[in-house]
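Notes for the one structure printed next.
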Amino acid sequence: MKAYPKWRVRLGFKIGWPTIILGKKLAGIPILGKLANPLFALPHSQLTSIPIHTVTIDEEVRARNMSLPIHLVERLLNEAGHIMLLDECICRAHMHVEPRSIGCLVLGRSALDIHPSNGRLVTVEEAKAHVHRAAQAGLVANVAHVWIDPVGFGVKSFGQMQFICFCGPKACLYTDYLHKRAPNLDLSYSRLPGLRTVVDTAICDGCGKCVEPCFVSAITMREGKAVIGGACKACGRCISHCPPRAISIAMDDEEAVFQQLLTRVKSVADIS
């Protein structure tokens with residue numbers, strides 16, 4: 001397999017996008033889902049959300065000793081032997097949604113195999129600065145090991161490939177169309193243990209504005225208060241939709257959570 005230049009990646013994505021979306025929709029239908037379900041099974045499809053946008057950069061500077069979800073991504077970058085920064089988000093470019101220029105990071109030996117027209121190799125510090133730009137743009141980091149990526153970029157080194165994508169609403173091949181989903185999609189896209197979404201019921205005014213933005217339909221209203229269900233992926237997207245700021249992300253011991261993330265990554269890919 002020869003790595004694809006950018007024009008070929010874009011063309012393949014334009015052709016493949018409707019097929020993948022159709023597969024995700026079919027996967028939510030009990031009978032048809034049996035056919036589509038294998039496309040989203042572990043270990044060929046694994047995603048983990050990290051809510052990097054839940055604390056602004058200024059707030060982080062004022063609270064250097066806080067354990068913040070963005071630190072998990074920074075520490076993961078330290079583990080990577082090679083990092084490529086893609087010069088655009090292929091999803092947002094396809095959907096004509098901004099910010100297109102905040103592209104994915106590719107970790108591992110596969111970064112050397114991707115055609116250079118798609119991006120450039122960067123240092124760990126450059127990659128960390130990119131993560132902070134994504135956080136300031138309000139995007140969610142998705143640590144992704146999905147078969148679509150090596151196929152789309154024309155590389156063989158899937159076992160040495162880990163993407164960190166920076167995703168927004170309604171322009172993401174990973175997170176769109178997950179309100180009704182097959183069991184494999186729930187298994188492959190699972191919440192990282194130690195991260196959880198918390199609602200302060202004393203502050204929640206029951207406006208319900210957090211319900212619709214949840215891409216996995218994990219939020220319901222009960223007795224005038226938002227309730228986070230077990231399907232929550234702890235992406236933190238609901239936080240920016242809460243006017244009274246009643247929703248937050250809680251993280252247990254940072255070291256323990258990071259080890260959970262690292263174990264999850266190492267179970268599917270070697271990024272050294």
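Every read-out reported here was derived from the displayed coordinates using simple, explicitly stated rules and does not represent laboratory data. Fair warning: this is a prediction, and the values are worked out from it, not measured in the lab. Neighbour counts are summed over all protein chains in view; Cβ atoms, including those assigned to glycine, are modelled from backbone coordinates with ideal geometry.
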- Task: Give a residue-ordered list of calculated ³J(HN,Hα) values for the stretch 199-209 (Karplus: 6.51 cos²θ - 1.76 cosθ + 1.60, θ = phi - 60°; whole Hz; x for Gly, Pro).
- Result: 10, 7, 5, 6, 9, 4, 9, x, 5, x, 6
- Which residues' amide hydrogens lie under 5 Å from the amide hydrogen of G119, considering only partners 5 or more residues apart or on another chain, with H built in the peptide plane? D87
- Using the Karplus equation 6.51 cos²θ - 1.76 cosθ + 1.60 (θ = phi - 60°), what ³J(HN,Hα) coupling, rounded to whole Hz, does each residue of the stretch 120-127 give in order, writing x for Gly and Pro? 9, 6, 10, 7, 4, 5, 5, 5
- Message: Let me check I've understood the local charge: for R120, count other residues with C-beta under 13 angstrom from its C-beta, Lys and Arg +1, Asp and Glu -1. What total comes out?
- Response: -2
- Sorted peptide list for 98-107, 127-136, 204-213, criterion being average Cβ within 10 angstrom, highest first: 98-107, 127-136, 204-213
- Item | √(5λ) per eigenvalue of the Cα gyration tensor, the stretch 104-221, largest first, Å | 31, 18, 12
- Message: Quick check on the stretch 195-251: take the gyration tensor over C-alpha atoms, sort the square-rooted eigenvalues as a ≥ b ≥ c, and tell me if it's rounded (a/c under 1.5), prolate or oblate.
- Response: rounded
- 5 angstrom amide H check on G206, placed H, neighbours 5+ away: A226
- Placed amide H near Q162: partners under 5 Å, 5+ positions off or other chain: L107
- Message: Among 11-20, 188-197, 83-92, how do they line up by average Cβ neighbours within 10 Å per residue, starting with the highest?
- Response: 83-92, 188-197, 11-20
- Applied in sequence order to the stretch 82-88, the curve 6.51 cos²θ - 1.76 cosθ + 1.60 (Karplus, θ = phi - 60°) yields integer Hz couplings, x standing for Gly and Pro, of 9, 9, 10, 9, 6, 7, 7
